[in-house]
1. Suppose every K and R has +1 on its Cβ and every D and E has -1 on its Cβ; what is the size of the dipole of the stretch 1-70 about the Cα centre, in Debye to the nearest 20?
2. Highest first, please rank the peptides 57-69, 28-40 by the mean number of other Cβ atoms sitting within 10 Å of their residues.
3. Around ALA36, which amide H atoms from residues at least 5 apart in sequence, or from another chain, sit under 5 Å from its own amide H, with H modelled in the peptide plane?
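Values in this text are rule-based calculations from the coordinates and carry no lab data. Owing to the predicted nature of the structure, the values given are computational and were not obtained by experimental measurement. Quick reminder, even Gly has a Cβ in these numbers, built from the backbone with ideal geometry, and neighbours come from all protein chains shown.
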Amino acid sequence: MEYKSQHKHAVVSLSGGMDSSTLLLKCINEFETVTALSFDYGQKHKVELKRAQALVDYLRRNGHEVKYQVVKLDGLVKLIDSALVEGGEEVPEGHYAEENILFLLGTTVAFILSSS
């Protein structure tokens, strides 16, 4: 059964991971229009951005309209001292304590915009 929200538009922060991809699919089912945003903040693992683009391409080929944009955050690398970004140290092997993980722009977030 298809459920439609009382709101018409959704904006999804699409990292390319499982959580944000699932959220994107849920929003496509529940909202009239969906915009997905990915952020290129100089991360070493560009595979995230490739996976996000591949999902959007797949959805479009299968009849789902998704607006998609990669937002470049040039200069952010200079402000971040992290092994996760270009120019940082190598990512160490092993267990990572929660306080050491860089959560850029928070976790997967969907902003539900009310229609005007």
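1. 180
2. In decreasing order of mean packing, 57-69, 28-40 become 28-40, 57-69.
3. The answer is VAL12, LYS67, TYR68, GLN69.
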